[in-house]
Amino acid sequence: MLAGCQPKSHTPERSPEQKQNILELDDSLTNLSPNASDMIDKGMAGAEDSLTWYDFYLRRGKYWLLSQTPDSLIPYADRTIRFAESQNPSPRTNGLIAHAYEYKATLYQRFRSNLDEAIRLRTKAYEAMMESDNTAYLPDLCANMADVYGLKNDMAMAASWYRRALFLVDSLNLPETKSITLYLGLAHIYRCLEDYDTSLNYYNETTRFYDRMQPNMKTYYLNNFGNYHYYLGNYDKALNLFQRLEKQLIHYGDNGIDMAICRINMADVYLNLGELAKARSYVERAEHFFKKHGVDVGVYYANSIHIGLAMKEGRMSEVENILRSEKVATPMEYSLVGIRNRYMREYYKATDNWQAAYTNMENEIKARDSIAEDRQHMRASEIMQRLKEDTLSLHHALEIQRKDAILRNTHMTTATLMVITVLLMLWWVAFSRKRKLQVEMDMMQLRLDNARNRISPHFIFNVLNNRISTADRKETDELMMLVRLIRANLNISRNTFVSLAEEMEFVRYYVDIEKTVLGDDFTFTVDAPEADVLKQISIPTMFVQILVENAIKHGLRGRDGEKRLTVTIIHGKDGTDITVADNGRGFDIRSSATNGTRTGLDIIRHTIRIINQRMRSDHMTFSIQNNKNAEGQVTGCLSKLHIPVLPPPKIPKKHIDNQ
């Protein structure tokens, strides 16, 4: 009582020791530490002024908010607000008001008792926090506001508040970990809008921070990520996350609303996994808590699970009893209504009530259309939010410039010239960088075109030489093969990259020509995935052909006895490995007879070097070596080529028509 009787004008700043004590207490409350209550008592007993006393007093209310009797918060929050409003406004009093309103809003939100009141209180908390000495809490407050709008199915407003929170984290230069809850919230919103890919991206962004999360944040993460997998039908993954959540809550002795939500979620998962006994056990424990504390949305969800259990066990009459005795209103959360509708459709089908099933499905379609509409609305809202943030930044910059102009009126000309000079320099740097990048890209394209243009004449020259040497054998068939080969060469040489299917088709044309020279004892084998897989793999033009040509020309041609040539293609998630093996004379880079070989290999190495300059991760590699037996004698040559994952080849329409 005496602590509340200080003069109104007395609003001292917190000392470093007081700030540290409050910070440690907030951490203890967040981490559900058993020492938190003693720390509050000690702080109130040692308070040197009324504001410090109310700092600890209000946190006693927060302690009850996180306990089994959360309603006990209300008197603490109301008394703190009355005291702070009776003082002269200051950053400290505004901070007290903001936290008091925020705690009350959290109570209404967690128990779904009055979401509109939660928004009203949180709006007042936000306004007070903006003028407080604790602006670092603003992103958390915005995130909580977003959660309320999410519960009201106003996803556009929810996303807007999350974006505002991320903007504040940037503007206030807060630690990166402050963004964790914001990414989780955005993941939840996108999940509700059934944009599961974007949702998963945000969940993955937060997963790497899991070990640094506080207990309440881990609870939020495990619950929401479990729901993500539930709505995708990944019930085993959802159950694993909910079980982790249950263990954590047991560890911290939390048997309140979070545990009830965890249990109701586990009950639904067990129901869908067919473990009905476990589903019934969990739903009954959760339902007991919801009824005791008047959480109507929880009772509605529990009734939905009871309907599902009755359906699974063939107790059709019990469904009507549940619906008749239900005394809670349909909640606003579409996700919970969707779960109820799914179980009711099963009931209508089982009882041959097709009219009701049709009406149920019609309502579901309307709801999904509404989700699609919300998704578009949210996209537009995000654009507007970003525009507001950019406009706010611009106004802020202009205001600073205006004040600087007033303070430095005599230096206006110099300042203007400096600004213009800096802008010109920035423009010149950006222009130069863009021009340099363009030149580099042009050079790369020219190099690749040059390499490709060197391949075609070199290759055709060799083929024509071979054709002349066999001109008197089976003239018509060989000429047709040669025509097909030259046409295929002209087609693929138009592109820097082709599909591996096209490349291998070209290689087969070439080998068909060479068979006439190599003789009947020549065997060509290809070990590769299906054609549909090869069509999705990109490869620089004529890479495999060069390796096959080298194997035939310098390894197999003119060799007596059996001649074998094998192309092996192995495709995996990290790329594609291609090997070309022969049992010929081997490869000797010192021999003058290998000038043609060096030309082809130089083309491969030159092209790989250019491409690797643009690759950010996995690089393309190439190697060639001789195989030897136990006595050290050369038994053939082995060429290896690793192709990383590249964008699928884009075949021009003209090229398709030619084929």
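The values are calculated or read from the model by the stated rules, or taken from the named source; none is laboratory data. It should be emphasised that the depicted structure is a prediction, and the values quoted were computed from it without experimental measurement. Here Cβ is always computed from backbone atoms with ideal geometry, including for glycine, and neighbour counts include all displayed protein chains. Just so you know, the surface numbers come from the protein's heavy atoms only, side chains and all, with ligands and any DNA or RNA stripped out. Shrake-Rupley method; radii C 1.70, N 1.55, O 1.52, S 1.80 Å.
Within 10 Å of each candidate Cβ there may be at most 12 other Cβ atoms; applying that plus a DSSP loop requirement, which trypsin sites (Lys or Arg not before Pro) in the stretch 203-247 survive? Show your work: numbers first, answer last.
On the way: sites: R208, R212, K218, K237, R244, K247; in loops: R208.
Hits after loop and neighbour filter: R208.
Note on N114 and E205: with the Förster distance fixed at 22 Å, the Cβ-Cβ geometry gives a FRET efficiency of about 0.10. Ordering W64, W428, W53, W354 by accessible surface, largest first, gives W354, W428, W64, W53; the 1.4 Å probe counts only protein heavy atoms, with every chain in place.
Multiply the residue gap between Q536 and E284 by 0.36 nm, knock off their C-alpha separation, and tell me the result in nm, one decimal place.
Full extension from Q536 to E284 adds 85.5 nm.
The V419 and R614 beta-carbon pair, evaluated with R₀ = 41 Å, returns a calculated FRET efficiency of approximately 0.65. What shape does the stretch 151-241 have by the C-alpha gyration tensor, where a ≥ b ≥ c are the square roots of the eigenvalues, rounded means a/c under 1.5, and otherwise prolate means a/b greater than b/c and oblate the rest? Note, shape of the stretch 151-241 comes out oblate.
May I ask you to give the percent of accessible area on the stretch 1-136 that is carbon plus sulfur, with a probe radius of 1.4 Å? Don't skip to the end; give the middle numbers.
On the way: 3410 of 6600 Å².
About 52 percent, which is the carbon plus sulfur part of the accessible surface.
Rounded to whole numbers, the Karplus 3J(HN,Hα) couplings from phi for the stretch 351-364 are 9, 6, 8, 5, 5, 5, 5, 5, 4, 4, 5, 4, 5, 5 Hz, using 6.51 cos²θ - 1.76 cosθ + 1.60 with θ = phi - 60°, and x at Gly and Pro.
Can you give the FRET efficiency for D49 and N240, using 1/(1 + (r/R0)^6), R0 = 35 Å, r = Cβ-Cβ distance, to the nearest 0.05? Don't skip to the end; give the middle numbers.
Numbers: r = 50 Å, r/R0 = 1.44.
Computed FRET efficiency for D49 and N240 comes out at 0.10.
The phi torsions of the stretch 35-43, fed into the Karplus equation with coefficients 6.51, -1.76 and 1.60 and a -60° offset, translate into couplings of 7, 4, 4, 5, 5, 5, 4, 5, x Hz, rounded to whole numbers, with Gly and Pro shown as x. A cut-off under 15 angstrom between Cβ atoms defines the neighbours of K218, and their net charge, with Lys, Arg +1 and Asp, Glu -1, is -1. Site pair K349 and R212 shows an inter-label distance of 4.7 nm when each label is modelled 7 Å from Cα along Cα→Cβ.
For the stretch 1-131, the square roots a ≥ b ≥ c of the C-alpha gyration tensor eigenvalues yield an a/c of 1.5 or more together with a/b not exceeding b/c, which makes the shape oblate. Each residue of the stretch 190-263 gets 85 Å³ once the volume of the Cα convex hull is shared out per residue.
Quick one: net charge around N21, please, counting Lys, Arg +1 and Asp, Glu -1 for every other residue with C-beta under 12 Å from its C-beta. That sum, taken over residues with Cβ under 12 Å, equals -2. Ranked by solvent-accessible area (1.4 Å probe, protein heavy atoms only, all chains present), the residues W427, W161 order from largest to smallest as W427, W161.
Rounded, prolate or oblate: which one fits the stretch 59-165, using the alpha carbon gyration tensor with axes a ≥ b ≥ c (rounded when a/c is under 1.5, else prolate when a/b beats b/c, else oblate)? Oblate, because a/c is 1.5 or more while a/b does not exceed b/c.
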